[in-house]
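The values are calculated or read from the model by the stated rules, or taken from the named source; none is laboratory data. Everything quoted here is computed from the prediction, not taken from an experiment. Cβ coordinates were reconstructed from backbone atoms using ideal geometry, including for glycine residues, and neighbour counts include every protein chain displayed.
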Amino acid sequence: MTLPAHETGTCPSGDVTIHYRKFGKPGATPVLIVHGLSYFSYDWIGVADALSGDREVVAQDMRGFGDSTWSPEKDYSLKAFAGDIDALLAHFGWDKVILIGHSMGGRNTTFYTSGHGDKVEKLILVDWSPKNAKAGSDRVTKSVAGVPDAFASVDAALDYYGHDKSNPAVRARMEAYLRPVDGGFSVKRDTVFRDRFKKVLETGEAPKQPVDLWETLASISCPVLVVRGRKSDMFSEENAVRMKQENDNLTLVELDTGHNVAGEDAAGLIRELRAFV
């Protein structure tokens, strides 16, 4: 499968090395894309390429994900994720940036923006709200907690996630999402996340957020675009209404997708992003 041309590189940040994919050339305000918990930079190649006609666009792998390194200190705090964004901006020499965050990446970009308002021109949140809907939260908890140390084959991984094994693009994506290990292939994600979800299943108690994300969202003064999937099990309509109430700078648009907006309607998402960017 041929992917759009782009550069790859790494950037040191604290106790990790961040891997990124870079598109475009200097021009208008650059864009940084931060993926979600069950995704990585590969999932944003098409969107990044489409947005890069007049600017630089970077899709990063978060610490502990994709081809970024795992934190030896197991530091996956909001502060650490924000530090990685700051390191990337310094690495590219960007004084201003437009941030796009999907799901968990939305949480991290919201937190970063609240503390770095001078650096963020616009914030785009793709199917993220400060409170996950219960159905989606339960689904993700079970899915992540159940991931084995190794899948015997790529087909086994495709079966686990319920993906179409006959689709070449789906297979190529899974091959990029896995790395060879003893016994087969493992997901490119620190096992600390799986273990946290296992604990949730065992105890019934979700980890507490260190900050009030509703207050964090409300504190942001730059323009904010929220793209919600109408069929998403992670983002309730009730929370969409509340987000608009919490921040007057927020614009909400909806697409006819589930949680994986970029994967289900890339054209629609690109249309909305271009209009806002």
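Using beta carbons and a limit of 6 Å, which pairs, at least six apart or on different chains, have the first residue in the range 255-269 and in contact (Cβ under 8 Å) with a residue 60 or more places away in the chain and surrounded by 19 or more Cβ atoms within 10 Å (Cβ to Cβ) and the second one assigned to a helix (DSSP H, G or I) and small (Gly, Ala, Ser)?
Every condition considered, the pairs that remain are LEU269/ALA262.
Can you tell me which condition ALA156 does not meet? The list is (1) modelled with pLDDT of 95 or more; (2) touching a helix residue (DSSP H, G or I) at 6+ places or on another chain (Cβ under 9 Å), and all the others hold.
Going through (1) modelled with pLDDT of 95 or more; (2) touching a helix residue (DSSP H, G or I) at 6+ places or on another chain (Cβ under 9 Å) one by one, ALA156 breaks only (2).
Just checking, which of GLY93, GLY83 is without any contact (Cβ under 8 Å) to a residue 40 or more places away in the chain, over 11 Å from VAL31 (Cα atoms) and surrounded by fewer than 24 Cβ atoms within 10 Å (Cβ to Cβ)?
One residue alone meets the criteria, GLY93.
So how many residues does the range 182-221 have that are β-branched (Val, Ile, Thr), surrounded by 18 or more Cβ atoms within 10 Å (Cβ to Cβ) and either touching a residue at least 60 places away in the same chain (Cβ under 8 Å) or more than 17 Å from SER143 (Cα to Cα) (or both)?
Residues that pass the stated criteria total 2.
Quick check, is GLU272 charged (D, E, K, R), buried (at least 19 other Cβ atoms within 10 Å of the Cβ), out of contact with any Cys (no Cβ under 6 Å at 6 or more places or on another chain) and closer than 15 Å to ASP127 by Cα?
Judged against the criteria, GLU272 is a match.
When you look at LEU99, is it aliphatic (A, V, I, L, M), without any contact (Cβ under 8 Å) to a residue 24 or more places away in the chain and either surrounded by 19 or more Cβ atoms within 10 Å (Cβ to Cβ) or under 20 Å from ARG274 (Cα atoms) (or both), yes or no?
It is false that LEU99 is aliphatic (A, V, I, L, M), without any contact (Cβ under 8 Å) to a residue 24 or more places away in the chain and either surrounded by 19 or more Cβ atoms within 10 Å (Cβ to Cβ) or under 20 Å from ARG274 (Cα atoms) (or both).
Among SER129, SER71, which is closer than 26 Å to GLN245 by Cβ and assigned to a loop (DSSP other than H, G, I, E, B)?
SER129
Please go through (1) more than 24 Å from PHE193 (Cβ to Cβ); (2) among the β-branched types (Val, Ile, Thr); (3) touching a His at 6+ places or on another chain (Cβ under 8 Å) for VAL120 and return the number of the only condition it doesn't satisfy.
Tallying (1) more than 24 Å from PHE193 (Cβ to Cβ); (2) among the β-branched types (Val, Ile, Thr); (3) touching a His at 6+ places or on another chain (Cβ under 8 Å), VAL120 fails exactly one: (3).
Since VAL58 meets every condition but one in (1) touching a helix residue (DSSP H, G or I) at 6+ places or on another chain (Cβ under 6 Å); (2) in a strand (DSSP E or B); (3) free of Cβ contacts under 8 Å to residues at least 40 places away in the same chain, which condition does it not meet?
(1)
Can HIS116 be described as within 14 Å of LEU217 (Cα to Cα), in contact (Cβ under 8 Å) with a residue 24 or more places away in the chain, surrounded by fewer than 20 Cβ atoms within 10 Å (Cβ to Cβ) and out of contact with any Phe, Trp or Tyr (no Cβ under 7 Å at 6 or more places or on another chain)?
When the stated conditions are applied, HIS116 passes them.
Take the conditions at pLDDT below 95, of a type outside the set (Asp, Glu) and touching a helix residue (DSSP H, G or I) at 6+ places or on another chain (Cβ under 6 Å) and apply them to LYS74. Does it pass?
In short, no.
Please specify each residue of the range 160-214 satisfying the condition of being out of contact with any helix residue (DSSP H, G or I) (no Cβ under 8 Å at 6 or more places or on another chain), of a type in the set (A, V, I, L, M, F, W, C) and not in a helix (DSSP H, G or I).
If the condition is that a residue be out of contact with any helix residue (DSSP H, G or I) (no Cβ under 8 Å at 6 or more places or on another chain), of a type in the set (A, V, I, L, M, F, W, C) and not in a helix (DSSP H, G or I), then VAL181 is the only one that fits.
Could you tell me whether the range 115-129 includes any residue that is in contact with a helix residue (DSSP H, G or I) (Cβ under 9 Å, 6 or more places away or on another chain), at positive phi and at pLDDT 95 or above?
Taking every residue of the range 115-129 in turn, at least one turns out to be in contact with a helix residue (DSSP H, G or I) (Cβ under 9 Å, 6 or more places away or on another chain), at positive phi and at pLDDT 95 or above.
Looking at (1) over 18 Å from the mean Cα position of the chain (by Cα); (2) among the hydrophobic types (A, V, I, L, M, F, W, C); (3) assigned to a loop (DSSP other than H, G, I, E, B), which one does ALA90 not meet, given that it meets all the others?
(3)
Of everything in the range 1-46, what is farther than 19 Å from LEU89 by Cβ, part of a loop (DSSP other than H, G, I, E, B) and out of contact with any His (no Cβ under 7 Å at 6 or more places or on another chain)? Give them in sequence order.
MET1, THR2, LEU3, PRO4, ALA5, LEU37, SER38, PHE40
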